[in-house]
Amino acid sequence: MVGFPEIGGTQVSVVGGKGAHLAELSHIEGIRVPPGFCVTTSAFRRIMAEAPSIDDRLDRLSRHDPGDREAIRGLSAEIRRTLEGIAIPDDVAAAITRALARLDEQAAYAVRSSATAEDLPTASFAGQQDTYLNVVGPAAILQHVSRCWASLFTERAVTYRLRNGFDHRKVHMAVVVQQMVFPHAAGVLFTADPVTSNRKVASVEAGFGLGEALVSGLVKADLHKVRDGEVVAKAVATKRLAIHASPAGGTQEQAIEPERQEQPALTDAQVIRLAQLGRRIEARLGRPQDIEWCLVDDGFQIVQSRPITTLFPIPAADDGENHVYVSVGHQQMMTDPMKPLGLSLFQLTALPRMHEAGGRLFVDVAERLASPTSRAAVLEALGKSDPLIGDALQTILDRGDFIPSLPDEGPGGPPAAGAPAPIETDPAIAAELIEANEASVAALQRDIRTTSGSALLDFILADIQELKRILFDPRSMQAVMAGMEATWWLNERLEAWLGEKNTADTLTQSAPNNITSEMGLALLDVADVIRPHPDVVAFLHDFKDEDFLDELAELPGGREARDAIRAYLDKYGMRCVGEIDITRPRWSERPTTLVPLILSNIKNFEPGAGERRFEQGRQEAWNKERELLERLRALPGGEGKAEEAKRMIDRVRTFVGYREYPKYGIVSRYFVYKQALLEEAERLVQAGVLREREAIFSLTFQELHDVVRTNHVDERLIAQRKDAFRSYQALTPPRVLTSEGEVIAGAYKRDNLPSGALIGLPVSAGTIEGRARVILDMAEAELEPGDILVTAYTDPSWSPLFVAITGLVTEVGGLMTHGAVIAREYGLPAVVGLEHATRLIRDGQRIRVHGTDGYVEILP
């Protein structure tokens, strides 16, 4: 046993998360914590050792999928019954009884589970184990200690550990025994707003009696918001019930007198005082807290505090200024967290300066929003790219108090839509840019082979300057902008002249030089090579090994199949999901990723489908062009309008495909860097510096440079980075985040849509009905003809799937992001930026995608 005052804040392994936090709270001046003690994890381990049969059950539990509820329920119940049936050792029972006698043996106590994987910064485990209130007498307390031990294996706790990657054997249970308080009011204090994530706004929920009524959802709480020592919002609930201690032990519900039901449980002065206590706790514990409190005789007592684990981290800035961070991942179609090597390399590559938080990158636009001229350019550019970002930024500006208005220092930002880009409409321009990029990558591949050690890292740093020179070549940027601006011009003018929306969508089909759409069609050609060979097809259905290409040669037709796949990988093998992160496995490293797509193409398409698809798209674009020009000529002043439109159509056809090439150039270079860095990492493994090659992914580029130079690595840093990355995977990155931590959610401004419509951004015209296939992992895609792909985001690596679908819905995206460009190229109706699409739409539901107007209907 150990009392709260004797527990150090780092003793989670001894007293669990809850016990360690209560001990830390008891050391804070001015914070009152009801007295108590902890039954340490050593007692729990002794109990576990008394039941060796549990080992086998833990093995079986670990092998279950978190969704296998029936099996988990049965196994966890068996473990609980076993643990509750084991007698507490005499010396442990005696120690608990002595600790009670020192406090007050006849007092009422709360007996609370305190697991070692509980109330952590990255996983709260809130409500997963059991708490018992108003337990009186040593015998009852001993019985409830056993129940707390057993509650480590409730179905909900086991499932939570499986989902979050915690080993059942490495989590142990302490038990907190804490003297009960019988409060006038109780509730929860969040030191950051749980709705907006604003770190400067505290949120207080309050009700009469014990806090269990609020935690269990039995009653609605009063809600107060506090900022800068002032109550800025208040909603007093009707409180008909309260939970109080029962004289016989335990708790009971009691009705609240009608005249008190509408009264606030706390005065404003009490709410402000409580928020101040919360700030003191937050400062001591180092992060925003979820605090359970009780009001007794006008004094607050704190009975629990845990980190709020759902808040997205804020990029570090110590200048005291207001900042507005826009997500880079939502622009790049990569909202998953990146590992440190990937983050640092992308930061070295890209402009402007980026800030890191939660494994994601952000750009601070506060300074540009402060200037009226650059503000307009930022709102227009980001609003066109992603209307939800544009609306969120406008929301911040409309408040009028977060971004100061600075005097203009001259115009800024990209040219407005419709302004002519200073480049001629010449197909040779894109061809020359592509040729120069390919020559540069070939030179990199040749020259990097002769470098190693620190010289390799220096060589890559120098080559990044070459990458940036190519990436930010004025002609390349002009070519990209020319295609985008001509698209905007056509959509705006033709809607005004002809009343037809999104006409450029058809005009961009099968445009030349689109490396991403060509990649999807080329995989159809690979399927054509394999389709005539049934032994190869059967082999591809059953294999498991990444070295399968070597085995193919032994089968009839296998050499041709192997050569076709290798030729595809030679051109596109540097691609993968999340490809801006150099640490992600590329198709060349995991060719098995492509096999389900190849098999789907064999099943769903006839020979020659790739060439036919391209020609069909080209013909549809040509027919649309002729139709539009004929209709324009019939208008007043039609010859002039048709002439202008023709110039812009030619411009779109010339440059819109090149839009996809710069990213191909980036990831081509990244793959060369990665191969060289992994070779260097293998040298470090052989020298005993690293335990594994992939450890370099947990280091920044500069840190890796230092490791290569010194032959020394900090293994604890690598372990911390791996833990942090796992925690980042559970976070959803916001589109827009302020330096106060507030997540600003934009909204679509549209009326006259059907009831129940799910609203997104229209990016590829047309309407289609079909079966929704909700797919989060491309390697698990099993598509049938007519399916509509619903997913979180699509970067270029998803384009091979596009040949097999009839429509697209994504949670992230904009008019000119890769998924939108390829959807138009293939003539697929598409709606992107539909928030929570993968949760709102269930796999297998029939849906109707309105790609012209930007919404989705779920059909009966």
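The values are calculated or read from the model by the stated rules, or taken from the named source; none is laboratory data. The shown structure was predicted, so the numbers you read here are calculated from the model rather than taken from an experiment. Note: ideal-geometry Cβ built from the backbone for every residue, glycine included; neighbour counts use all protein chains shown. Accessible surface is based on the protein model in full, side chains and every heavy atom, while ligands, DNA and RNA are left aside. Shrake-Rupley method; radii C 1.70, N 1.55, O 1.52, S 1.80 Å.
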Exercise for the section: Only residues in segment 542-554 that are of a type outside the set (S, T, N, Q) count as the first member; pair them with residues that are surrounded by fewer than 10 Cβ atoms within 10 Å (Cβ to Cβ), Cβ under 9 angstrom, at least 6 apart or cross-chain, and list the lot. Expected result: GLU551/ASP545
Practice task
Quick one: ALA462 ticks every box in (1) surrounded by fewer than 12 Cβ atoms within 10 Å (Cβ to Cβ); (2) modelled with pLDDT of 95 or more; (3) over 18 Å from THR349 (Cα atoms) except a single one, so which number is it?
Solution key: (3)
Practice task
Please verify whether segment 158-165 includes one or more residues that are open to solvent by 40 Å² or more (accessible area, probe 1.4 Å), at pLDDT 85 or above and not hydroxyl-bearing (Ser, Thr, Tyr).
Solution key: no
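If I filter segment 814-825 down to residues being assigned to a helix (DSSP H, G or I) and among the hydrophobic types (A, V, I, L, M, F, W, C), which single residue comes out as farthest from GLU611 (Cα to Cα)? Working first, answer last.
Within segment 814-825, the subset assigned to a helix (DSSP H, G or I) is 818-825.
With the extra rule that they be among the hydrophobic types (A, V, I, L, M, F, W, C), the set shrinks to 820-823.
Working: ALA820: 22, VAL821: 19, ILE822: 16, ALA823: 17 Å.
Among residues in segment 814-825 that are assigned to a helix (DSSP H, G or I) and among the hydrophobic types (A, V, I, L, M, F, W, C), the one farthest from GLU611 (Cα to Cα) is ALA820.
Grab the helices (runs of 4 or more DSSP H) fully contained in segment 697-813, keeping just those with 3 or more residues being open to solvent by 20 Å² or more (accessible area, probe 1.4 Å). Explain how you work it out, then say what you get.
Numbers: elements: 701-710, 715-728, 799-802.
Helices (runs of 4 or more DSSP H) meeting the threshold: 701-710, 715-728.
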Fill in the blank from the handout: In segment 828-851, anything surrounded by 18 or more Cβ atoms within 10 Å (Cβ to Cβ) and aliphatic (A, V, I, L, M) is listed as LEU828, ALA830, VAL831, VAL832, LEU834, ALA837, ILE841, ILE847, VAL849
Exercise for the section: Identify, from the list GLY209, GLY187, the residue that is in contact with a Leu (Cβ under 8 Å, 6 or more places away or on another chain) and crowded, with 19+ Cβ neighbours inside 10 Å. Expected result: GLY187
Handout entry: Matching residues, segment 269-311, being of a type in the set (Lys, Arg) and either touching a strand residue (DSSP E or B) at 6+ places or on another chain (Cβ under 8 Å) or farther than 23 Å from GLY358 by Cα (or both)
Key = ARG273, ARG279, ARG280, ARG287, ARG306
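Against the definition (surrounded by fewer than 16 Cβ atoms within 10 Å (Cβ to Cβ), charged (D, E, K, R), over 37 Å from the mean Cα position of the chain (by Cα) and at pLDDT 95 or above), how does ARG559 come out, yes or no? Please lay out each step first, then the result.
On the way: surrounded by fewer than 16 Cβ atoms within 10 Å (Cβ to Cβ): yes; charged (D, E, K, R): yes; over 37 Å from the mean Cα position of the chain (by Cα): yes; at pLDDT 95 or above: yes.
So ARG559 passes the test.
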Problem - So MET481, is it more than 24 Å from LEU632 (Cα to Cα), touching a Phe, Trp or Tyr at 6+ places or on another chain (Cβ under 9 Å) and either of a type in the set (Asp, Glu) or surrounded by fewer than 22 Cβ atoms within 10 Å (Cβ to Cβ) (or both) - result: yes
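Answer yes or no: is there a residue in segment 401-412 that is at pLDDT 90 or above and open to solvent by 80 Å² or more (accessible area, probe 1.4 Å). Working first, answer last.
Restricting attention to segment 401-412, the residues satisfying the condition of being at pLDDT 90 or above are 402-403.
Still in the list and also open to solvent by 80 Å² or more (accessible area, probe 1.4 Å): none.
No, segment 401-412 has no match at all.
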Problem - Scan of segment 101-123 for residues that are touching a Lys or Arg at 6+ places or on another chain (Cβ under 8 Å), at pLDDT below 50 and either in a helix (DSSP H, G or I) or open to solvent by less than 20 Å² (accessible area, probe 1.4 Å) (or both), ordered by number - result: ASP119
Practice task
Please identify the pairs in which a residue from segment 832-860 that is under 23 Å from GLY746 (Cα atoms) has its Cβ atom under 7 Å from the Cβ atom of a residue that is open to solvent by less than 30 Å² (accessible area, probe 1.4 Å) and assigned to a helix (DSSP H, G or I), counting only partners at least 6 apart or on another chain.
Solution key: VAL832/GLY819; VAL832/ALA820; GLY833/LEU388
Handout entry: Restricting segment 309-329 to residues that are more than 14 Å from the chain's Cα centre (by Cα), open to solvent by 40 Å² or more (accessible area, probe 1.4 Å) and in contact (Cβ under 8 Å) with a residue 12 or more places away in the chain, the residue that is nearest to VAL743 (Cα to Cα)
Key = ILE314
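Please go through segment 826-860 and pick out each residue that is assigned to a strand (DSSP E or B), of a type in the set (A, V, I, L, M, F, W, C) and over 18 Å from SER797 (Cα atoms). Even if it seems obvious, please write down each step before you answer.
First pass over segment 826-860, keeping only residues assigned to a strand (DSSP E or B): 830-832, 846-850, 855-858.
Retained after the next criterion (residues that are of a type in the set (A, V, I, L, M, F, W, C)): 830-832, 847, 849, 856, 858.
Residues satisfying the conditions are VAL831, ILE847, VAL849, VAL856, ILE858.
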Completion exercise
For segment 50-59, the count of residues that are of a type in the set (D, E, K, R) and under 14 Å from ASP167 (Cβ atoms) equals 2
Exercise for the section: Within segment 190-215, work out how many residues are more than 21 Å from ASP297 (Cβ to Cβ) and in a loop (DSSP other than H, G, I, E, B). Expected result: 10
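Return yes when ARG306 is in contact with a His (Cβ under 7 Å, 6 or more places away or on another chain) and either at pLDDT below 95 or open to solvent by less than 20 Å² (accessible area, probe 1.4 Å) (or both) and no when it is not. Walk me through it before giving the result.
Details: in contact with a His (Cβ under 7 Å, 6 or more places away or on another chain): yes; either at pLDDT below 95 or open to solvent by less than 20 Å² (accessible area, probe 1.4 Å) (or both): yes.
Yes, satisfied.
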Fill in the blank from the handout: Within segment 218-263, residues open to solvent by 60 Å² or more (accessible area, probe 1.4 Å), under 30 Å from TYR109 (Cβ atoms) and either part of a loop (DSSP other than H, G, I, E, B) or among the small types (Gly, Ala, Ser) (or both) come out as LEU218, LYS220, ARG240, PRO247, ALA248, ALA255, GLU257
Practice task
Kindly indicate which of GLN332, GLN270, GLN301 is open to solvent by 20 Å² or more (accessible area, probe 1.4 Å) and touching a Lys or Arg at 6+ places or on another chain (Cβ under 6 Å).
Solution key: GLN301
Handout entry: Among residues of segment 494-528, those that are open to solvent by 40 Å² or more (accessible area, probe 1.4 Å) and small (Gly, Ala, Ser), counted
Key = 2
Exercise for the section: Test each condition in (1) modelled with pLDDT under 95; (2) assigned to a helix (DSSP H, G or I); (3) under 29 Å from TRP798 (Cβ atoms) for PHE671 and report the one that comes out false. Expected result: (1)
Practice task
Would you check if ILE96 is open to solvent by less than 10 Å² (accessible area, probe 1.4 Å) and either over 21 Å from GLU155 (Cα atoms) or at pLDDT 90 or above (or both)?
Solution key: yes
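Report whether or not ARG566 is crowded, with 19+ Cβ neighbours inside 10 Å, among the basic types (Lys, Arg) and either over 36 Å from the mean Cα position of the chain (by Cα) or closer than 18 Å to ALA522 by Cα (or both). Talk me through it step by step, then tell me what you get.
On the way: crowded, with 19+ Cβ neighbours inside 10 Å: no; among the basic types (Lys, Arg): yes; either over 36 Å from the mean Cα position of the chain (by Cα) or closer than 18 Å to ALA522 by Cα (or both): yes.
Criteria not met by ARG566.
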Fill in the blank from the handout: Going through (1) surrounded by 19 or more Cβ atoms within 10 Å (Cβ to Cβ); (2) hydrophobic (A, V, I, L, M, F, W, C); (3) in a helix (DSSP H, G or I) one by one, LEU690 fails only at (3)
Exercise for the section: Please go through segment 1-60 and pick out each residue that is closer than 25 Å to ALA107 by Cα and surrounded by fewer than 14 Cβ atoms within 10 Å (Cβ to Cβ). Expected result: PRO5, GLU6, GLY30
Practice task
Output yes when any residue across segment 508-520 is under 32 Å from the mean Cα position of the chain (by Cα), over 17 Å from ALA823 (Cα atoms) and of a type in the set (Val, Ile, Thr), and no when none is.
Solution key: no
Fill in the blank from the handout: Selection from segment 336-345 of residues surrounded by fewer than 21 Cβ atoms within 10 Å (Cβ to Cβ) and under 14 Å from GLY578 (Cβ atoms) yields ASP336
Practice task
Looking only at segment 757-764, decide whether some residue is at pLDDT below 90 and on the phi < 0 side of the Ramachandran plot.
Solution key: no
